[in-house]
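Colleague: What follows is a single structure, and I will ask about it in a moment.
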Amino acid sequence: SPPEFNPSVEILAADGEEYLNNQHHQLMLARQDPITYLPTGIPELDTNLYGGLPKGSNILIVGQLGKGKSSFSRHFIEEGLKESERCLWIAIDDDPKKIRQGLENHLPEPVKSYESMNLLRFVDAYSWSSLTPPDDEAFAINGILELNQLCRRTETQTSLTGGGLAIL
């Protein structure tokens, strides 16, 4: 397991950069645990996360409109699909059709092929929340109760299987 972090603030001297590089090296050595890390698709972020996000974890990404949440999610799912990871996208803020179009521009195969191989699934919670009927979606949310149940099931399945990528 990683070394414990001291919450106290340390004042770095002139050799602060060397100190930080040494701390980074120590963390990398300490990360000899059995957890699998999934790259995010953003090299600079993966470097700062020491390889990516822990597989099977639930990560909440919060931010103001236009700050990159959807872009990050798209990169993360693209990276997972390129590595044949099973991916779930629960579309709350965007129409699944719009998300598919965004993914289509960056994947080596058409999005439909990943869906037909059961590597990518969408759950449409957007249509219900925007008061438009879902069309042609295999999985759609029709009310708040279903959305709450879906969140619980997603969390349970992720912890039981320890796998896949899910974007909410």
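The values are calculated or read from the model by the stated rules, or taken from the named source; none is laboratory data. Fair warning: this is a prediction, and the values are worked out from it, not measured in the lab. As a convention, Cβ positions derive from the backbone with ideal geometry for all residues, glycine included, and neighbour counts pool all protein chains shown. These accessible areas exclude ligands, DNA and RNA; they are computed on the full protein's heavy atoms, side chains included. Shrake-Rupley method; radii C 1.70, N 1.55, O 1.52, S 1.80 Å.
Colleague: How many residues does region 107-150 contain that are surrounded by 14 or more Cβ atoms within 10 Å (Cβ to Cβ), of a type outside the set (Val, Ile, Thr) and under 20 Å from the mean Cα position of the chain (by Cα)?
Modeller: 13
Colleague: Looking at LEU107, LEU120, which one is touching a residue at least 12 places away in the same chain (Cβ under 8 Å) and either among the polar types (S, T, N, Q) or within 20 Å of ILE59 (Cβ to Cβ) (or both)? Lay out the reasoning, then the answer.
Modeller: On the way: LEU107 fails: either among the polar types (S, T, N, Q) or within 20 Å of ILE59 (Cβ to Cβ) (or both).
When all the criteria are applied, what remains is LEU120.
Colleague: Which ranges mark the helices (runs of 4 or more DSSP H) fully within region 61-167 that have 1 or more residues being among the hydrophobic types (A, V, I, L, M, F, W, C) and at pLDDT 90 or above?
Modeller: 69-82, 96-104, 111-116
Colleague: Scan region 29-60 residue by residue and report those that are at pLDDT 85 or above and surrounded by fewer than 12 Cβ atoms within 10 Å (Cβ to Cβ).
Modeller: Within region 29-60, PRO43, GLU44, THR47, ASN48 meet the criteria.
Colleague: Condition (residue is within 20 Å of ALA125 (Cα to Cα), open to solvent by 80 Å² or more (accessible area, probe 1.4 Å) and touching a Phe, Trp or Tyr at 6+ places or on another chain (Cβ under 8 Å)) applied to region 64-84: is it met by at least one residue?
Modeller: No, every residue in region 64-84 fails to be within 20 Å of ALA125 (Cα to Cα), open to solvent by 80 Å² or more (accessible area, probe 1.4 Å) and touching a Phe, Trp or Tyr at 6+ places or on another chain (Cβ under 8 Å).
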